[in-house]
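Take a look at the structure set out below.
Every number here is computed from the coordinates shown, using simple stated rules; none is lab data. If you're wondering where the values come from, they're calculated on a predicted model, not measured in any experiment. Cβ placement follows ideal geometry from the backbone for every residue including glycine, while neighbour counts extend to all protein chains displayed.
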Amino acid sequence: MSSSNNSIKKTLGVALALCIVCSVIVSTAAVALRPTQQLNQELDRKSNILQVAGLYEPGVDVNQVFKDKITSRVINLETGEYSEELDPETFNQFDASKDPASSRTLSGDDPAGLIRQENFSTVYLVGDAENPNEIILPIRGQGLWGLMRGFLALKGDGNTILGLSYYDHSETPGLGGEVDNPRWKAQWDGKKIYDYSDSEMQPEIRLVKGGADSEYEADALSGATLTSRGVTNMLQFWLSEAGFAEYLARFHDNTQGDA
Ligand SMILES: Cc1cc2nc3c(=O)[nH]c(=O)nc-3n(C[C@H](O)[C@H](O)[C@H](O)COP(=O)(O)O)c2cc1C
């Protein structure tokens, strides 16, 4: 080996050239793959909505089933009315929650730890959109390690839970990560949110340690008190008047809930 190739200058030059080539490759790959990643995220979101709605089967064309079975609408969270201006195809509520023009600060009353809340939300309806069989609501809130995002599926009465499913969280597998355990998820079917004999539309549903013994209670995750508290908090927040309570009130007399 010639001694000139061992000079510090040449070594640094090769290292620098290698760094530049690698960073160009990584950046190009990141930019080129972004549309594919976005499509896959969208597919994953749709597939989660179908799963919580009980409409998913392995091998199905997720986009097609979603198109055939689900109607997406955007609602005004304050009034509970449908928005005619916002297109559910393009409206992104996570982006909206970061924009001061389309969200509000949650100071003092933020049990789900969101800091900001969007003014509008997408909802997903199964069956006749005016008289749906199922209503699927996006919910999110802080767990122990970070934000948990999921969907809550309700019967057409807007009060009976069909399922709760998280598609994005960073809870510990075996502890808070048990929110993904099919056995834990199975308990949600039939649980109730509001006690209509109470005049307030305050959600009653919560996780409890040591065994749920009413239709307003579900079993907490064992060894994961903090994740369980996060799940209760986000359910209570999103089902309160700050969330979907105004919207869900319109389904109170919907007989689809008895189906
Ligand atoms: C490495 C590690 C990971 C943990 N992950 C979670 C978790 O995902 N969710 C949670 O609630 N608690 C988690 N914990 C436990 C909490 O620190 C706390 O002990 C627990 O929530 C208490 O729950 P328990 O009263 O049901 O035992 C974790 C602890 C350790 C050491």
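The chymotrypsin sites (Phe, Trp or Tyr not before Pro) of segment 184-248 that meet both conditions, a loop assignment by DSSP and at most 13 other Cβ atoms within 10 Å of the site Cβ, are Tyr196.
Go ahead and run the numbers for FRET between Ala129 and Glu84, Cβ-Cβ distance against an R0 of 22 Å, rounding to 0.05. Each step should come with its number before you reach the end.
Details: r = 14 Å, r/R0 = 0.63.
Computed FRET efficiency for Ala129 and Glu84: 0.95.
By definition, a body whose alpha carbon gyration tensor gives a ≥ b ≥ c is rounded when a/c is under 1.5, and segment 48-258 falls into this rounded group. The sum of -39500 (n - 2.57) across all DSSP H runs of n ≥ 4, divided by the residue count of the chain, sets its helix-only mean residue ellipticity at 222 nm to -10500 deg cm²/dmol.
Give me the percent relative contact order of segment 48-258, please, defined on Cα pairs under 8 angstrom at least 6 residues apart.
Working: 423 pairs, mean separation 41.8, N = 211.
Reported as a whole number, the value is 20 percent.
Of the trypsin sites (Lys or Arg not before Pro) found in segment 171-222, those that fall in a DSSP loop while having at most 14 other beta-carbon atoms within 10 Å are Lys209. Straight Cα distances below 25 angstrom link Lys69 to the lysines Lys46, Lys155, Lys185, Lys191, Lys192, with same-chain residues fewer than 8 positions distant left out. A Cβ-based charge dipole, computed about the Cα centre of segment 48-258 with Lys and Arg at +1 and Asp and Glu at -1, lands at about 720 debye. Considering the options Gly158, Ile135, Gly108, tell which one lies farthest towards the positive end of the dipole of segment 48-258, charges being +1 on Lys and Arg and -1 on Asp and Glu at the Cβ, about the Cα centre. Result: Gly108, furthest along the dipole toward the positive end. Checking the a/c ratio against 1.5 first, then a/b against b/c, what shape does the Cα gyration tensor give for segment 82-187? In terms of gyration-tensor shape, oblate. Mind checking the log10 I(q)/I(0) for segment 9-76 at q = 0.12, 0.19, 0.21 Å⁻¹? Debye, one equal scatterer per Cα, no solvent, two decimals. Debye intensities relative to I(0), on a log10 scale: -0.54, -0.81, -0.89. As a calculated quantity, the FRET efficiency between Asn92 and Asp213 at R0 = 41 Å, using C-beta atoms, amounts to about 0.55. Distance between the 7 Å Cα→Cβ label points at Tyr56 and Lys9: 6.1 nm.
DSSP beta bridges fully contained in segment 48-258 are about 90 percent antiparallel.
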